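Chemist: Here it is, the structure, as structure tokens.
The values are calculated or read from the model by the stated rules, or taken from the named source; none is laboratory data. All figures in this text were calculated on a predicted structure; none of them were measured in a lab. Quick reminder, even Gly has a Cβ in these numbers, built from the backbone with ideal geometry, and neighbours come from all protein chains shown. Calculation scope for accessible area: heavy atoms of the full protein, side chains included, ligands and nucleic acids excluded. Shrake-Rupley method; radii C 1.70, N 1.55, O 1.52, S 1.80 Å.
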Amino acid sequence: MASAGTPQQPTPERFFGAINAYQQTEAIKAAVELEIFTAVGEGNATVATIAKRCKASERGVRTLCDFLTIHGFLTKDGTQYGLAPDSAVFLNKTSPAYLGGAIEFLLTPRVREAHTRMTDAVRQGGSALGDGNMVPDNPDWVKFAEAMMPLMVMPAQIMAGELRKGGEAHKVLDIAAGHGIYGIFVAKQNPAAQIYACDWKNVLAVAEKNAQKMGVGDRHHLIPGSAFDVDFGSGYDLALITNFLHHFNPAVCTTFMKKVHAALVPGGRAAIAEFVPNPDRVSPPMPAAFSMMMLTTTPEGDAYTFAEIEKMSKDAGFSRVEMVEAPLGMDRMIVAYR
């Protein structure tokens, strides 16, 4: 037996795990489409009962459930399957935090194609699909708004609560609003707030529906079009910039932040939610790895460190930039003060 100080013997396991990782992607997709996790959550614990509930073959269900167990999505005790904690929260349709619908955006044909052309993206330093996901009125962003909203509810609540500590917001600009949930929760926590949501027209239909459903429709206004081209107006005391800057290069981000700065009143705030890797750019794993998504799906986007976002903001005229301690799920919150 090797001692604690003995170097680990090289193994090809990591290579084969990476090369075959697409199997895990397809297994999760199949399990979501078949409602395997929901079936197990309902108490269907054996191959036979799961297969009957999911209208699938017993051989197929046994193979899929064993594979999901190997990768930590299910548990298995004898012939009985159960939900792993993460699966119970995020993959059971009866859970309010259900995320299975996210595959409708994350696995769109264009996103998948972009990653199959990663060699080209690395060679040229940007998406091999031209504008990637940044095509105007891209219908994939409607899928994003519809599918990703459940994941953003808790971060949006946290963000609204943290911003409320800095004073009540009255006129709020919600940039790249998507599902609208960030602006909606600011409205719910600030009864006098008027929200102005900017995004493509087809995407704003989702935000408008959510605002009506959550009781703030009368204070939720739409600014359809590109955030770079439309007139924001002025007089905002708060701007929300959520998961937007990472799509563009630093120069474009700086120019955009100048536009936001001009729309804010003196003392106004820009609240930025982003994947923020550490300075080493390899940790934490999820925010750091997001750079690869940006390389393959955008011409020049990236996951920016705090120092990079701070520089963009200060170059745009903001006087002070701070990282808020409360994490927003996988995102971090940065506030730039005019």
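Chemist: If you take every residue apart from Cys253 with its C-beta less than 15 Å away from the C-beta of Cys253, what net charge results, scoring Lys and Arg +1 and Asp and Glu -1?
Modeler: Values: positive: Lys258, Lys259, Lys311, Lys314; negative: Glu274, Glu300, Asp302, Glu308, Glu310, Asp315.
Its environment carries a net charge of -2.
Chemist: What number results when the radius of gyration of segment 88-239, computed over Cα atoms, is divided by 2.2 N^0.38 Å?
Modeler: Working: Rg = 17.1 Å, N = 152, 2.2 N^0.38 = 14.8 Å.
Compactness ratio reported: 1.15.
Chemist: Rounded, prolate or oblate for the chain? Axes are the square roots of the Cα gyration tensor eigenvalues, ordered a ≥ b ≥ c, and the cut-off for rounded is a/c under 1.5.
Modeler: Values: a/c = 1.98, a/b = 1.52, b/c = 1.30.
In terms of gyration-tensor shape, prolate.
Chemist: So which chymotrypsin sites (Phe, Trp or Tyr not before Pro) in segment 164-240 pass both tests, a DSSP loop state and at most 12 other Cβ atoms within 10 Å of the Cβ? Write out the running numbers ahead of the final one.
Modeler: Values: sites: Tyr182, Phe185, Tyr196, Trp200, Phe228, Phe232, Tyr236; in loops: Trp200, Phe228, Phe232.
Here the sparse-neighbourhood loop sites are Phe228.
Chemist: At a Förster radius of 45 Å, what calculated FRET efficiency corresponds to the Cβ-Cβ distance of Lys55 and Asn278, to the nearest 0.05? Mind showing how you got there, number by number?
Modeler: Details: r = 46 Å, r/R0 = 1.03.
With a Förster radius of 45 Å, E is 0.45.
Chemist: If the limit is 18 Å between Cα atoms, which of Lys171/Lys209; Lys201/Lys259; Lys143/Lys209; Lys29/Lys143; Lys259/Lys311 go over it? Each step should come with its number before you reach the end.
Modeler: Values: Lys171/Lys209 20 Å; Lys201/Lys259 20 Å; Lys143/Lys209 14 Å; Lys29/Lys143 16 Å; Lys259/Lys311 16 Å.
As for pairs spanning more than 18 Å Cα to Cα, those are Lys171/Lys209; Lys201/Lys259.
Chemist: Plugging the Kirkwood radius over Cα pairs into Stokes-Einstein for segment 6-77, at a temperature of 10 °C and a viscosity of 1.306 mPa s, what D comes out in µm²/s? Working shown, then result.
Modeler: Working: Rh = 13.3 Å.
It diffuses with D of about 119 µm²/s by this estimate.
Chemist: For the chain, what is the accessible area per residue in Å², given a 1.4 Å probe and the full set of protein chains? Let's see the in-between values first.
Modeler: On the way: 16630 Å² over 338 residues.
Solvent-accessible surface per residue comes out at 49 Å².
Chemist: Give the aspartates and glutamates whose C-alpha is closer than 13 Å to that of Lys76, dropping any in the same chain fewer than 8 places away, or say none.
Modeler: Leaving aside aspartates and glutamates fewer than 8 places away in the same chain, those within reach of Lys76 are Asp66.
Chemist: Moving to a separate point now. So for segment 95-175, averaging the separation of alpha carbon pairs under 8 Å that are six or more residues apart and normalising by length, what relative contact order in percent results?
Modeler: Working: 40 pairs, mean separation 32.8, N = 81.
The value is 40 percent.
Chemist: Something else now. Could you please report the charge total around Leu264, scoring K, R as +1 and D, E as -1 over all other residues with beta-carbon less than 14 angstrom from its beta-carbon?
Modeler: Details: positive: Lys171, Lys258, Lys259, Arg269, Arg320, Arg338; negative: Asp174, Asp237.
Value of the local net charge: +4.
Chemist: Taking only C-alpha pairs under 8 Å that are 6+ residues apart, what is the relative contact order of segment 72-117 in percent? Can you show the working numbers first?
Modeler: On the way: 30 pairs, mean separation 8.6, N = 46.
About 19 percent, as a whole number.
Chemist: Also, quick follow-up: Residue farthest toward the positive end of the dipole of segment 56-145, with Cβ of Lys/Arg at +1 and Asp/Glu at -1: which of Val142, Leu74, Gly101?
Modeler: Leu74
Chemist: Considering only DSSP beta bridges with both partners in the chain, what is the antiparallel share in %, to the nearest 5? Before the final figure, lay out each step's value.
Modeler: Values: 15 of 35 bridges.
Restricted to the chain, the bridges split so that about 45 percent are antiparallel.
Chemist: Could I ask something else about it? For the chain, what does the relative contact order come out to in percent, with C-alpha contacts under 8 Å and a separation of six or more?
Modeler: Working: 596 pairs, mean separation 45.2, N = 338.
Once divided by the residue count of the chain, the mean separation gives 13 percent.
Chemist: Can you list the aspartates and glutamates whose alpha carbon is less than 14 Å from that of Lys93, not counting same-chain residues fewer than 8 positions off?
Modeler: In chain and number order, the partners are Glu33, Glu35, Glu42.
Chemist: For segment 224-305, give the percent of accessible area contributed by carbon and sulfur heavy atoms, probe 1.4 Å, rounded to a whole number. If you can, show how the numbers build up before the last one.
Modeler: Numbers: 1980 of 3040 Å².
C and S fraction of accessible area: 65 percent.
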